1. Given the conditions (1) out of contact with any Gly (no Cβ under 6 Å at 6 or more places or on another chain); (2) modelled with pLDDT of 90 or more, report the number of the one that residue 237 does not fulfil.
2. I'm trying to understand the selection: among the residues of the stretch 58-81, which are within 14 Å of residue 238 (Cα to Cα) and surrounded by 24 or more Cβ atoms within 10 Å (Cβ to Cβ)?
3. Given the condition buried (at least 24 other Cβ atoms within 10 Å of the Cβ), at pLDDT 85 or above and polar (S, T, N, Q), answer yes or no: does some residue in the stretch 167-187 qualify?
4. Yes or no: the stretch 45-55 includes at least one residue that is touching a His at 6+ places or on another chain (Cβ under 6 Å) and more than 22 Å from residue 195 (Cα to Cα).
5. Out of all the residues in the stretch 208-218, is one or more of a type in the set (Gly, Ala, Ser) and either modelled with pLDDT of 85 or more or over 25 Å from residue 42 (Cβ atoms) (or both)?
6. In the stretch 220-254, how many are polar (S, T, N, Q), closer than 15 Å to residue 18 by Cα and not in a helix (DSSP H, G or I)?
7. Residue check: is residue 257 assigned to a helix (DSSP H, G or I), of a type in the set (A, V, I, L, M) and closer than 16 Å to residue 13 by Cβ?
8. Do we have any residue at all in the stretch 61-74 that's outside any loop (DSSP other than H, G, I, E, B), of a type in the set (Val, Ile, Thr) and within 11 Å of the chain's Cα centre (by Cα)?
Amino acid sequence: MYVFEAITIGFVAAVLAGMFGVGGAAITTPAIRVLLDASPGIALGTTLPVTIPTAASGAVTYYRRGFVVKRVAAYCCLGGLIGAVGGAMLTWLIDLHYLMLVTGAVVLYLSATIIRRGISGRGLETEPAETPAQVVEESGSEEASGIAEERASTLTMLAIGLAAGFFSGLLGVGGGLILIPCFLYILHIPLKKAFGTSLAVITVIAIPGTVVHMFLHHISWSLVLYLVVGSIPGAYFGARISIRTGEKLLYVLFGLLLAAFGVIFIVNEIISMTG
């Protein structure tokens, strides 16, 4: 039953990760903490090695459709590698119970943002789905993302990667919670290219955090294996769904799911601290 639950968690988290360009840890961390009764350290550290193949699978799917901005991804990866090590090292100095509460609060914040965007429809596609011709036209057009790519300064991209990497290493998440808003509102990259570029960066910046958490003994490699079995196909299907489907309803449903996990996560951690 434990193995089945772990594989299912990996699949569901990866589907949602592939849809929205995040590493999936916003689902995986609270799920293995609550459903599999993992310790705070294991819940934080185990998600990072799972994030690598999950994000890579989704990134490849987006890349094949032209939804990855390579220059932005390269500079953000460079900054993210440095930030991820610093964030992971800080887990030595911070009470992990409080860190788990912060993670839960981040999940709730993300859920509110996603629900609000889904309801308002701002920045989302209005068509229910894309035809193959529309996908080719969007991926081949350089007027929207090409201008943004050229105008993006090297320092800005490095700073975005640094912040995302630090967040990833500290909270055991992929960094997409930082990357996607920055891509959308600072670099003005179109939504689906923001998703694909985010997954490409997450694949790289999860590596140093994984190494640090491994030395801190925060990784259960058997659990990693079970989660990866479900996550690789899940990320592929999630990315395919995102590319072909309008986002408004998906955003609302994903936000509601995150809200439920965030509440359960925080309540469970408070009970654990007071029990």
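The values are calculated or read from the model by the stated rules, or taken from the named source; none is laboratory data. All figures in this text were calculated on a predicted structure; none of them were measured in a lab. Note that each Cβ is placed from the backbone with ideal geometry, even for glycine, and that neighbours are counted across all protein chains shown.
1. So residue 237 meets the others, but not (2).
2. Answer for the stretch 58-81, where residues must be within 14 Å of residue 238 (Cα to Cα) and surrounded by 24 or more Cβ atoms within 10 Å (Cβ to Cβ): 58, 59, 62.
3. Looking for residues that are buried (at least 24 other Cβ atoms within 10 Å of the Cβ), at pLDDT 85 or above and polar (S, T, N, Q), one finds none in the stretch 167-187, hence no.
4. Within the stretch 45-55 (the criterion being touching a His at 6+ places or on another chain (Cβ under 6 Å) and more than 22 Å from residue 195 (Cα to Cα)), the answer is yes, since at least one residue qualifies.
5. In the first step, residues of the stretch 208-218 are kept if they are of a type in the set (Gly, Ala, Ser); the result is 209.
This time we only want the ones that are either modelled with pLDDT of 85 or more or over 25 Å from residue 42 (Cβ atoms) (or both), so: none.
Among the residues of the stretch 208-218, not one is of a type in the set (Gly, Ala, Ser) and either modelled with pLDDT of 85 or more or over 25 Å from residue 42 (Cβ atoms) (or both), which makes the answer no.
6. Step one: filter the stretch 220-254 for residues polar (S, T, N, Q), giving 220, 222, 231, 242, 245.
From what is left, the residues that are closer than 15 Å to residue 18 by Cα are 231, 242, 245.
Narrowing the set further to residues that are not in a helix (DSSP H, G or I) leaves 245.
Residues in the stretch 220-254 being polar (S, T, N, Q), closer than 15 Å to residue 18 by Cα and not in a helix (DSSP H, G or I): 1 in total.
7. Working: assigned to a helix (DSSP H, G or I): yes; of a type in the set (A, V, I, L, M): yes; closer than 16 Å to residue 13 by Cβ: yes.
Considered against the rule, which asks whether it is assigned to a helix (DSSP H, G or I), of a type in the set (A, V, I, L, M) and closer than 16 Å to residue 13 by Cβ, residue 257 comes out as yes.
8. no
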